[in-house]
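Notes for the one structure printed next.
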Amino acid sequence: MKFFLDANILVSVLNKEYPLYTYTSRVLSMADSPDNILVTTNICLAIAFYFAEKKHGRSSAKARIGLLMKHLNIADCGEREATSAMQNKKIHDFEDGLQYYAALHSNCTCIVSNDLDDFYFSDIQVLDPERFFRKYA
């Protein structure tokens, strides 16, 4: 199955943000199973890098992102996704729209996010890390 990881999941893992880290790290560990494909976008990686750099410095942030990328597939987030996000009148936050359409166009089963309300418009199931882990682990 394919699961989309929102930027806040990546930030939580990179910065070991407790209590969220307890489940976000478990979600990420699911990449070890060949049955699971964890997906994100280059935009989510950029957001995660920004917050990791603020906490750990540039060198450490690059190393952390590099390790993270070994476990993730990067979904397209280009013109198709941007156009879809702009045309959907339900979407108020463009960045969330980009992530949503990247997940949708990648055929993801679920979006994992700490901010469920960000995806109020989603036709894809959206779960927080704890519920996701309990359902799919």
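When region 70-98 is filtered for residues that are in contact with a strand residue (DSSP E or B) (Cβ under 9 Å, 6 or more places away or on another chain) and not polar (S, T, N, Q), the ones remaining, listed by number, are His71, Leu72, Ile74, Ala75, Asp76, Cys77, Glu81, Leu98.
For beta carbons closer than 8 Å, sequence separation of 6+ or different chains, a first residue in region 75-91 that is under 11 Å from Leu104 (Cβ atoms) and a second that is at pLDDT 95 or above and exposed (fewer than 14 other Cβ atoms within 10 Å of the Cβ), the qualifying pairs are Ala85/Phe94.
Checked against (1) more than 20 Å from Asn114 (Cα to Cα); (2) part of a loop (DSSP other than H, G, I, E, B), Gly66 meets all criteria but (2).
Would you check if Gly97 is more than 14 Å from the chain's Cα centre (by Cα) and without any contact (Cβ under 8 Å) to a residue 40 or more places away in the chain?
no
Does at least one position in region 72-79 carry a residue that is exposed (fewer than 13 other Cβ atoms within 10 Å of the Cβ), among the acidic types (Asp, Glu) and part of a helix (DSSP H, G or I)? Checking region 72-79: at least one residue is exposed (fewer than 13 other Cβ atoms within 10 Å of the Cβ), among the acidic types (Asp, Glu) and part of a helix (DSSP H, G or I).
Is it true that some residue in region 100-107 is assigned to a helix (DSSP H, G or I) and farther than 15 Å from Ser122 by Cβ? No, the conditions are met nowhere in region 100-107. Evaluated against (1) modelled with pLDDT under 95; (2) in a strand (DSSP E or B), Asp117 falls short on exactly one condition, (2).
Among the residues of region 23-44, those that are in a helix (DSSP H, G or I) and either surrounded by 16 or more Cβ atoms within 10 Å (Cβ to Cβ) or touching a residue at least 60 places away in the same chain (Cβ under 8 Å) (or both) comprise Tyr23, Thr24, Arg26, Val27, Leu28, Met30, Ala31, Ile43, Cys44.
The values are calculated or read from the model by the stated rules, or taken from the named source; none is laboratory data. Since the model is a prediction, treat every value here as computed from it, not as a measurement. FYI the Cβ positions are ideal-geometry reconstructions off the backbone, even for glycines, and counts take in every protein chain you see.
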